[in-house]
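Have a look at the structure below, then the notes.
The values are calculated or read from the model by the stated rules, or taken from the named source; none is laboratory data. As the structure is a computational prediction, the values presented were derived from the model and not from experiment. A quick note on method: Cβ atoms are made from the backbone with ideal geometry, for glycine too, and the neighbour counts reach across all protein chains shown.
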Number of protein chains: 2
Amino acid sequence: MTGTQGLRERKKAETRLAVYRAAMRLTVDKGYENVTVEAIAEESNISRRTFFNYFSDKADALMYGEEERHRRLIAAFRARPAEESGWTALSSATLELFGSIAEPDREWIARTLLARRHPTLLARQLANLLELEQQLAALIAERDDDSGVRPRVIAAALLSSMRAATNLWLDDDQARSLPVVMSEALDALASRF
Amino acid sequence: MTGTQGLRERKKAETRLAVYRAAMRLTVDKGYENVTVEAIAEESNISRRTFFNYFSDKADALMYGEEERHRRLIAAFRARPAEESGWTALSSATLELFGSIAEPDREWIARTLLARRHPTLLARQLANLLELEQQLAALIAERDDDSGVRPRVIAAALLSSMRAATNLWLDDDQARSLPVVMSEALDALASRF
DNA sequence: ATGCAAGTTTGCATCATGTGCAGTTATTCC
DNA sequence: GGAATAACTGCACATGATGCAAACTTGCAT
(Lines give C-alpha, C1' and ligand atoms only; values in the text may rest on other atoms or scores of the structure.)
Protein backbone atom coordinates (compact mmCIF):
# COMPACT_ATOMS: atom_id res chain seq x y z
CA MET A 1 0.00 0.00 0.00
CA THR A 2 2.48 2.62 -1.03
CA GLY A 3 -0.40 4.76 -2.14
CA THR A 4 0.75 6.14 -5.43
CA GLN A 5 4.14 4.87 -6.58
CA GLY A 6 7.16 2.92 -5.56
CA LEU A 7 9.67 4.00 -2.99
CA ARG A 8 11.93 5.39 -5.66
CA GLU A 9 9.36 7.83 -6.98
CA ARG A 10 8.25 8.82 -3.54
CA LYS A 11 11.75 9.58 -2.37
CA LYS A 12 12.39 11.65 -5.44
CA ALA A 13 9.30 13.70 -4.81
CA GLU A 14 10.27 14.19 -1.20
CA THR A 15 13.77 15.27 -2.09
CA ARG A 16 12.45 17.66 -4.67
CA LEU A 17 10.18 19.26 -2.14
CA ALA A 18 12.91 19.37 0.48
CA VAL A 19 15.26 21.13 -1.91
CA TYR A 20 12.58 23.63 -2.82
CA ARG A 21 11.87 24.36 0.82
CA ALA A 22 15.52 24.70 1.66
CA ALA A 23 15.95 27.09 -1.23
CA MET A 24 13.01 29.18 -0.06
CA ARG A 25 14.13 29.27 3.53
CA LEU A 26 17.67 30.31 2.69
CA THR A 27 16.65 32.80 0.06
CA VAL A 28 14.06 34.50 2.20
CA ASP A 29 16.48 35.14 4.97
CA LYS A 30 19.81 35.67 3.28
CA GLY A 31 18.67 37.21 -0.01
CA TYR A 32 18.81 35.61 -3.42
CA GLU A 33 22.35 36.46 -4.40
CA ASN A 34 23.80 35.48 -1.08
CA VAL A 35 22.68 31.90 -1.37
CA THR A 36 24.83 29.47 -3.31
CA VAL A 37 23.69 26.22 -4.81
CA GLU A 38 26.26 24.66 -2.51
CA ALA A 39 24.39 26.00 0.50
CA ILE A 40 21.01 24.79 -0.71
CA ALA A 41 22.44 21.36 -1.41
CA GLU A 42 23.96 21.15 2.02
CA GLU A 43 20.75 22.28 3.68
CA SER A 44 18.89 19.51 1.87
CA ASN A 45 21.49 16.82 2.49
CA ILE A 46 22.38 16.17 -1.08
CA SER A 47 25.49 16.92 -3.06
CA ARG A 48 25.88 19.96 -5.22
CA ARG A 49 25.88 17.70 -8.24
CA THR A 50 22.59 16.12 -7.27
CA PHE A 51 20.97 19.50 -6.92
CA PHE A 52 21.42 19.85 -10.65
CA ASN A 53 19.73 16.53 -11.23
CA TYR A 54 16.60 18.00 -9.73
CA PHE A 55 16.67 21.59 -10.87
CA SER A 56 18.54 23.37 -13.60
CA ASP A 57 18.99 26.36 -11.45
CA LYS A 58 18.58 28.21 -8.18
CA ALA A 59 15.69 30.03 -9.79
CA ASP A 60 14.22 26.79 -11.03
CA ALA A 61 14.18 25.40 -7.53
CA LEU A 62 12.36 28.42 -6.23
CA MET A 63 9.81 28.18 -9.01
CA TYR A 64 8.80 24.67 -8.06
CA GLY A 65 6.00 26.02 -5.90
CA GLU A 66 4.78 28.13 -8.76
CA GLU A 67 4.43 25.10 -10.97
CA GLU A 68 2.39 23.30 -8.35
CA ARG A 69 0.11 26.27 -8.21
CA HIS A 70 -0.31 26.30 -11.95
CA ARG A 71 -1.22 22.64 -11.97
CA ARG A 72 -3.92 23.44 -9.46
CA LEU A 73 -5.33 26.23 -11.59
CA ILE A 74 -5.50 23.95 -14.59
CA ALA A 75 -7.27 21.32 -12.54
CA ALA A 76 -9.74 23.92 -11.27
CA PHE A 77 -10.39 25.04 -14.82
CA ARG A 78 -11.01 21.48 -15.98
CA ALA A 79 -13.37 20.94 -13.07
CA ARG A 80 -15.71 23.73 -14.18
CA PRO A 81 -19.03 22.65 -15.74
CA ALA A 82 -18.69 21.86 -19.41
CA GLU A 83 -21.40 24.31 -20.38
CA GLU A 84 -19.45 27.30 -19.10
CA SER A 85 -17.63 29.30 -21.71
CA GLY A 86 -13.85 29.45 -21.63
CA TRP A 87 -13.96 32.95 -20.23
CA THR A 88 -16.39 32.08 -17.46
CA ALA A 89 -14.63 28.88 -16.54
CA LEU A 90 -11.23 30.56 -16.37
CA SER A 91 -12.31 33.61 -14.43
CA SER A 92 -14.15 31.44 -11.95
CA ALA A 93 -11.28 29.01 -11.56
CA THR A 94 -8.91 31.91 -11.09
CA LEU A 95 -10.97 33.51 -8.36
CA GLU A 96 -11.31 30.16 -6.66
CA LEU A 97 -7.58 29.68 -6.55
CA PHE A 98 -5.91 33.04 -6.41
CA GLY A 99 -8.56 34.91 -4.56
CA SER A 100 -9.56 32.30 -2.08
CA ILE A 101 -11.49 33.57 0.89
CA ALA A 102 -8.86 35.03 3.14
CA GLU A 103 -5.72 32.96 3.08
CA PRO A 104 -3.70 34.00 0.05
CA ASP A 105 -1.04 31.29 0.40
CA ARG A 106 1.90 32.67 2.32
CA GLU A 107 4.46 30.85 0.22
CA TRP A 108 3.08 32.27 -2.96
CA ILE A 109 3.28 35.75 -1.52
CA ALA A 110 6.82 35.11 -0.38
CA ARG A 111 7.76 34.02 -3.90
CA THR A 112 6.07 37.00 -5.44
CA LEU A 113 7.85 39.39 -3.13
CA LEU A 114 11.15 37.72 -3.93
CA ALA A 115 10.43 38.08 -7.61
CA ARG A 116 9.81 41.78 -7.17
CA ARG A 117 13.24 42.23 -5.67
CA HIS A 118 15.19 40.01 -8.00
CA PRO A 119 14.99 40.52 -11.76
CA THR A 120 16.24 37.01 -12.43
CA LEU A 121 13.40 35.50 -10.48
CA LEU A 122 10.87 37.85 -11.97
CA ALA A 123 11.89 36.82 -15.43
CA ARG A 124 11.53 33.17 -14.56
CA GLN A 125 8.18 33.67 -12.96
CA LEU A 126 6.93 35.40 -16.06
CA ALA A 127 8.22 32.63 -18.27
CA ASN A 128 6.35 30.11 -16.16
CA LEU A 129 3.25 32.21 -16.37
CA LEU A 130 3.51 32.23 -20.13
CA GLU A 131 3.61 28.47 -20.17
CA LEU A 132 0.48 28.38 -18.05
CA GLU A 133 -1.14 30.89 -20.34
CA GLN A 134 -0.50 28.74 -23.36
CA GLN A 135 -1.90 25.65 -21.74
CA LEU A 136 -4.99 27.55 -20.71
CA ALA A 137 -5.38 29.04 -24.15
CA ALA A 138 -5.42 25.54 -25.60
CA LEU A 139 -8.07 24.44 -23.12
CA ILE A 140 -10.20 27.48 -23.86
CA ALA A 141 -9.87 26.88 -27.58
CA GLU A 142 -11.20 23.40 -27.00
CA ARG A 143 -14.07 24.53 -24.80
CA ASP A 144 -15.18 27.30 -27.11
CA ASP A 145 -14.33 25.42 -30.27
CA ASP A 146 -12.39 28.37 -31.56
CA SER A 147 -8.99 28.00 -33.19
CA GLY A 148 -8.49 31.72 -33.71
CA VAL A 149 -6.81 34.37 -31.66
CA ARG A 150 -9.64 34.80 -29.18
CA PRO A 151 -8.77 32.00 -26.76
CA ARG A 152 -5.20 33.20 -26.61
CA VAL A 153 -6.36 36.73 -25.96
CA ILE A 154 -8.63 35.60 -23.17
CA ALA A 155 -5.92 33.61 -21.44
CA ALA A 156 -3.32 36.33 -21.88
CA ALA A 157 -5.57 39.18 -20.81
CA LEU A 158 -6.98 37.38 -17.84
CA LEU A 159 -3.72 36.14 -16.38
CA SER A 160 -1.93 39.39 -16.92
CA SER A 161 -4.78 41.28 -15.30
CA MET A 162 -4.58 39.03 -12.28
CA ARG A 163 -0.87 39.73 -12.15
CA ALA A 164 -1.59 43.45 -12.33
CA ALA A 165 -4.16 43.16 -9.57
CA THR A 166 -1.68 41.33 -7.37
CA ASN A 167 0.86 44.05 -7.91
CA LEU A 168 -1.56 46.79 -7.04
CA TRP A 169 -2.58 44.88 -3.96
CA LEU A 170 1.03 44.59 -2.87
CA ASP A 171 1.78 48.22 -3.69
CA ASP A 172 -1.15 49.49 -1.70
CA ASP A 173 -0.07 47.52 1.30
CA GLN A 174 -3.12 45.31 1.21
CA ALA A 175 -5.63 47.94 2.15
CA ARG A 176 -8.33 45.96 0.38
CA SER A 177 -8.34 42.20 0.21
CA LEU A 178 -6.84 40.45 -2.78
CA PRO A 179 -10.09 38.87 -4.00
CA VAL A 180 -11.71 42.30 -4.03
CA VAL A 181 -8.93 43.82 -6.09
CA MET A 182 -9.04 40.86 -8.44
CA SER A 183 -12.77 41.11 -8.95
CA GLU A 184 -12.33 44.75 -9.69
CA ALA A 185 -9.70 43.89 -12.27
CA LEU A 186 -12.02 41.35 -13.85
CA ASP A 187 -14.77 43.93 -14.04
CA ALA A 188 -12.43 46.40 -15.67
CA LEU A 189 -11.49 43.75 -18.16
CA ALA A 190 -14.96 42.41 -18.87
CA SER A 191 -16.55 45.79 -19.43
CA ARG A 192 -15.75 47.59 -22.66
CA PHE A 193 -12.73 49.76 -22.31
CA MET B 1 27.96 70.10 -34.43
CA THR B 2 28.14 67.03 -32.33
CA GLY B 3 24.37 66.98 -32.42
CA THR B 4 23.54 65.62 -29.04
CA GLN B 5 26.43 65.04 -26.68
CA GLY B 6 30.15 65.03 -26.28
CA LEU B 7 32.47 62.56 -27.89
CA ARG B 8 32.49 60.40 -24.80
CA GLU B 9 28.76 59.82 -24.81
CA ARG B 10 28.68 59.29 -28.51
CA LYS B 11 31.40 56.69 -28.44
CA LYS B 12 29.68 54.84 -25.67
CA ALA B 13 26.46 54.73 -27.60
CA GLU B 14 28.28 53.50 -30.68
CA THR B 15 30.05 50.79 -28.78
CA ARG B 16 26.84 49.71 -27.18
CA LEU B 17 25.16 49.40 -30.53
CA ALA B 18 28.15 47.59 -32.00
CA VAL B 19 28.13 45.05 -29.20
CA TYR B 20 24.42 44.49 -29.62
CA ARG B 21 24.80 43.96 -33.33
CA ALA B 22 27.72 41.62 -32.88
CA ALA B 23 25.72 39.63 -30.35
CA MET B 24 22.76 39.38 -32.73
CA ARG B 25 24.90 38.38 -35.68
CA LEU B 26 26.74 35.68 -33.79
CA THR B 27 23.68 34.36 -32.03
CA VAL B 28 21.55 34.17 -35.13
CA ASP B 29 24.05 32.09 -36.96
CA LYS B 30 25.73 30.00 -34.30
CA GLY B 31 22.85 29.61 -31.85
CA TYR B 32 22.57 31.21 -28.43
CA GLU B 33 24.47 28.65 -26.38
CA ASN B 34 27.32 28.39 -28.83
CA VAL B 35 28.26 32.02 -28.50
CA THR B 36 30.52 33.05 -25.65
CA VAL B 37 30.85 36.51 -24.24
CA GLU B 38 34.46 36.21 -25.27
CA ALA B 39 33.41 35.86 -28.90
CA ILE B 40 31.04 38.81 -28.77
CA ALA B 41 33.70 40.96 -27.18
CA GLU B 42 36.21 40.01 -29.81
CA GLU B 43 33.75 40.68 -32.63
CA SER B 44 33.15 44.14 -31.21
CA ASN B 45 36.81 44.92 -30.55
CA ILE B 46 36.54 45.30 -26.84
CA SER B 47 37.81 43.16 -24.01
CA ARG B 48 35.70 40.55 -22.30
CA ARG B 49 35.78 42.68 -19.19
CA THR B 50 34.49 45.74 -21.00
CA PHE B 51 31.56 43.78 -22.33
CA PHE B 52 30.38 43.55 -18.76
CA ASN B 53 30.65 47.31 -18.37
CA TYR B 54 28.01 47.65 -21.05
CA PHE B 55 25.74 44.70 -20.46
CA SER B 56 25.24 42.46 -17.51
CA ASP B 57 24.77 39.49 -19.72
CA LYS B 58 24.62 37.90 -23.12
CA ALA B 59 20.83 38.09 -22.86
CA ASP B 60 21.01 41.72 -21.83
CA ALA B 61 23.00 42.57 -24.93
CA LEU B 62 20.44 40.91 -27.15
CA MET B 63 17.61 42.76 -25.45
CA TYR B 64 19.06 46.14 -26.26
CA GLY B 65 16.99 46.28 -29.43
CA GLU B 66 13.89 45.46 -27.46
CA GLU B 67 14.44 48.41 -25.21
CA GLU B 68 14.81 50.74 -28.14
CA ARG B 69 11.50 49.46 -29.44
CA HIS B 70 9.84 50.08 -26.12
CA ARG B 71 11.09 53.62 -26.02
CA ARG B 72 9.51 54.14 -29.40
CA LEU B 73 6.17 52.79 -28.24
CA ILE B 74 6.18 55.11 -25.27
CA ALA B 75 6.98 58.04 -27.50
CA ALA B 76 4.15 57.05 -29.84
CA PHE B 77 1.78 56.86 -26.91
CA ARG B 78 2.79 60.27 -25.67
CA ALA B 79 2.33 61.69 -29.14
CA ARG B 80 -1.34 60.72 -29.27
CA PRO B 81 -3.85 63.60 -28.90
CA ALA B 82 -4.50 64.45 -25.27
CA GLU B 83 -8.24 63.97 -25.63
CA GLU B 84 -7.88 60.29 -26.45
CA SER B 85 -8.50 57.90 -23.59
CA GLY B 86 -5.67 55.74 -22.35
CA TRP B 87 -7.15 52.71 -24.07
CA THR B 88 -7.54 54.46 -27.41
CA ALA B 89 -4.14 56.09 -27.27
CA LEU B 90 -2.41 52.85 -26.42
CA SER B 91 -4.15 50.65 -28.93
CA SER B 92 -3.52 53.20 -31.64
CA ALA B 93 0.11 53.64 -30.70
CA THR B 94 0.56 49.91 -30.62
CA LEU B 95 -0.89 49.38 -34.05
CA GLU B 96 1.26 52.18 -35.37
CA LEU B 97 4.39 50.54 -34.10
CA PHE B 98 3.92 46.82 -33.96
CA GLY B 99 1.55 46.50 -36.85
CA SER B 100 3.05 48.96 -39.21
CA ILE B 101 1.97 48.63 -42.77
CA ALA B 102 3.99 45.73 -44.07
CA GLU B 103 7.47 45.81 -42.69
CA PRO B 104 7.39 44.15 -39.29
CA ASP B 105 11.00 45.00 -38.38
CA ARG B 106 13.22 42.09 -39.28
CA GLU B 107 15.40 42.46 -36.22
CA TRP B 108 12.43 42.33 -33.91
CA ILE B 109 11.24 39.15 -35.57
CA ALA B 110 14.71 37.68 -35.31
CA ARG B 111 14.75 38.44 -31.59
CA THR B 112 11.30 37.02 -31.10
CA LEU B 113 12.22 33.81 -32.88
CA LEU B 114 15.35 33.53 -30.78
CA ALA B 115 13.27 33.99 -27.66
CA ARG B 116 10.97 31.18 -28.71
CA ARG B 117 13.88 28.79 -28.95
CA HIS B 118 15.73 29.85 -25.83
CA PRO B 119 13.95 29.95 -22.49
CA THR B 120 16.55 32.28 -21.03
CA LEU B 121 15.89 34.86 -23.69
CA LEU B 122 12.16 34.40 -23.47
CA ALA B 123 12.25 35.09 -19.76
CA ARG B 124 14.25 38.24 -20.29
CA GLN B 125 11.99 39.45 -23.03
CA LEU B 126 8.99 39.02 -20.79
CA ALA B 127 10.67 40.87 -17.97
CA ASN B 128 11.36 43.75 -20.30
CA LEU B 129 7.79 43.69 -21.44
CA LEU B 130 6.61 43.95 -17.87
CA GLU B 131 8.70 47.02 -17.37
CA LEU B 132 7.12 48.56 -20.44
CA GLU B 133 3.70 47.58 -19.16
CA GLN B 134 4.28 49.36 -15.90
CA GLN B 135 5.47 52.52 -17.56
CA LEU B 136 2.44 52.49 -19.83
CA ALA B 137 0.10 51.82 -16.94
CA ALA B 138 1.44 54.92 -15.23
CA LEU B 139 0.89 57.01 -18.34
CA ILE B 140 -2.63 55.69 -18.75
CA ALA B 141 -3.40 56.41 -15.11
CA GLU B 142 -2.33 59.98 -15.75
CA ARG B 143 -4.34 60.35 -18.94
CA ASP B 144 -7.52 58.86 -17.50
CA ASP B 145 -6.97 60.33 -14.06
CA ASP B 146 -7.54 56.95 -12.48
CA SER B 147 -5.33 55.60 -9.74
CA GLY B 148 -7.13 52.28 -9.46
CA VAL B 149 -6.52 48.95 -11.07
CA ARG B 150 -8.04 49.83 -14.42
CA PRO B 151 -5.00 51.47 -16.06
CA ARG B 152 -2.88 48.53 -15.07
CA VAL B 153 -5.42 46.11 -16.46
CA ILE B 154 -5.55 47.99 -19.74
CA ALA B 155 -1.79 48.01 -20.16
CA ALA B 156 -1.43 44.38 -19.13
CA ALA B 157 -4.29 43.08 -21.23
CA LEU B 158 -3.33 45.03 -24.27
CA LEU B 159 0.34 44.16 -24.33
CA SER B 160 -0.23 40.53 -23.55
CA SER B 161 -2.85 40.31 -26.27
CA MET B 162 -0.40 41.75 -28.75
CA ARG B 163 2.09 39.16 -27.65
CA ALA B 164 -0.50 36.45 -28.13
CA ALA B 165 -1.33 37.78 -31.57
CA THR B 166 2.32 37.74 -32.51
CA ASN B 167 2.63 34.15 -31.41
CA LEU B 168 -0.39 33.07 -33.40
CA TRP B 169 0.96 34.87 -36.40
CA LEU B 170 4.27 33.07 -36.09
CA ASP B 171 2.60 29.72 -35.45
CA ASP B 172 0.41 30.00 -38.50
CA ASP B 173 3.37 30.76 -40.65
CA GLN B 174 2.19 34.23 -41.40
CA ALA B 175 -0.82 33.27 -43.46
CA ARG B 176 -2.44 36.58 -42.57
CA SER B 177 -0.50 39.77 -42.04
CA LEU B 178 0.51 40.74 -38.53
CA PRO B 179 -1.56 43.94 -38.39
CA VAL B 180 -4.64 41.95 -39.32
CA VAL B 181 -4.09 39.41 -36.58
CA MET B 182 -3.41 42.18 -34.12
CA SER B 183 -6.59 44.04 -35.00
CA GLU B 184 -8.48 40.83 -34.55
CA ALA B 185 -6.93 40.43 -31.13
CA LEU B 186 -7.90 43.96 -30.22
CA ASP B 187 -11.45 43.31 -31.31
CA ALA B 188 -11.60 40.16 -29.23
CA LEU B 189 -10.33 42.15 -26.29
CA ALA B 190 -12.53 45.19 -26.72
CA SER B 191 -15.76 43.24 -27.13
CA ARG B 192 -17.28 41.68 -24.05
CA PHE B 193 -15.99 38.20 -23.52
C1' DA C 1 48.07 73.91 -25.75
C1' DT C 2 48.75 72.06 -21.62
C1' DG C 3 47.88 69.62 -17.78
C1' DC C 4 44.81 67.97 -14.18
C1' DA C 5 40.35 65.76 -12.96
C1' DA C 6 37.06 62.52 -14.17
C1' DG C 7 35.65 58.67 -16.77
C1' DT C 8 36.74 54.32 -19.45
C1' DT C 9 39.13 50.21 -20.64
C1' DT C 10 41.76 46.40 -19.50
C1' DG C 11 44.01 42.19 -17.33
C1' DC C 12 44.14 39.57 -13.42
C1' DA C 13 42.32 37.03 -9.64
C1' DT C 14 38.55 34.80 -7.75
C1' DC C 15 34.42 32.51 -6.81
C1' DA C 16 30.00 30.54 -8.60
C1' DT C 17 27.52 28.05 -12.31
C1' DG C 18 26.45 24.23 -15.02
C1' DT C 19 27.60 19.79 -17.32
C1' DG C 20 29.97 15.46 -18.88
C1' DC C 21 31.83 11.35 -17.12
C1' DA C 22 32.75 7.29 -14.37
C1' DG C 23 32.51 4.95 -10.07
C1' DT C 24 29.61 3.87 -6.21
C1' DT C 25 25.33 3.00 -3.93
C1' DA C 26 20.37 2.15 -3.61
C1' DT C 27 15.87 0.17 -5.54
C1' DT C 28 13.25 -2.77 -8.25
C1' DC C 29 11.79 -7.02 -9.98
C1' DC C 30 12.22 -11.78 -11.02
C1' DG D 1 19.34 -13.50 -3.49
C1' DG D 2 21.13 -11.47 -7.50
C1' DA D 3 20.97 -9.15 -12.02
C1' DA D 4 19.25 -5.00 -14.11
C1' DT D 5 18.19 -0.39 -13.62
C1' DA D 6 18.19 4.15 -11.73
C1' DA D 7 19.99 7.67 -8.60
C1' DC D 8 23.82 9.93 -6.18
C1' DT D 9 28.35 11.59 -5.92
C1' DG D 10 33.07 13.57 -6.75
C1' DC D 11 36.03 15.36 -10.08
C1' DA D 12 37.35 17.99 -14.02
C1' DC D 13 36.56 21.67 -16.91
C1' DA D 14 34.70 25.61 -19.46
C1' DT D 15 32.11 29.71 -18.90
C1' DG D 16 30.04 33.43 -16.27
C1' DA D 17 30.27 37.45 -13.46
C1' DT D 18 32.51 40.79 -10.44
C1' DG D 19 36.11 43.43 -7.58
C1' DC D 20 40.29 45.77 -7.96
C1' DA D 21 44.09 48.56 -9.49
C1' DA D 22 46.85 50.09 -13.21
C1' DA D 23 46.90 52.23 -17.80
C1' DC D 24 44.77 55.07 -20.86
C1' DT D 25 41.35 58.61 -22.96
C1' DT D 26 38.48 62.58 -22.85
C1' DG D 27 36.79 66.96 -20.99
C1' DC D 28 37.64 71.33 -19.39
C1' DA D 29 39.77 75.37 -17.19
C1' DT D 30 43.40 78.17 -17.53
| message | For region B:177-186, check the following and say yes or no: at least one residue is at pLDDT below 95 and under 30 Å from residue A:173 (Cβ atoms). | response | no
| Of the residues A:39, A:76, which is of a type outside the set (Ser, Thr, Tyr) and more than 14 Å from DNA strand C (Cβ to nearest atom)? | A:76
| task | Select, from A:82, A:61, A:93, A:76, the only residue that is in contact with an Asp or Glu (Cβ under 7 Å, 6 or more places away or on another chain) and either loosely packed, with under 15 Cβ neighbours inside 10 Å or hydrophobic (A, V, I, L, M, F, W, C) (or both). | result | A:76
| message | Quick test for you: out of A:59, A:18, A:13, A:22, pick the one residue that is under 27 Å from residue A:98 (Cβ atoms), in contact with a Ser or Thr (Cβ under 7 Å, 6 or more places away or on another chain) and within 13 Å of DNA strand C (Cβ to nearest atom). | response | A:59
| task | List the helices (runs of 4 or more DSSP H) that sit entirely inside region B:47-161 and contain at least 2 residues that are over 18 Å from the mean Cα position of the chain (by Cα), at pLDDT below 95 and more than 10 Å from chain A (Cβ to nearest Cβ). | result | B:48-54
| query | Just wondering, is there one or more residues in region A:32-43 that are surrounded by fewer than 20 Cβ atoms within 10 Å (Cβ to Cβ), touching a residue at least 60 places away in the same chain (Cβ under 8 Å) and in a helix (DSSP H, G or I)? | reply | yes
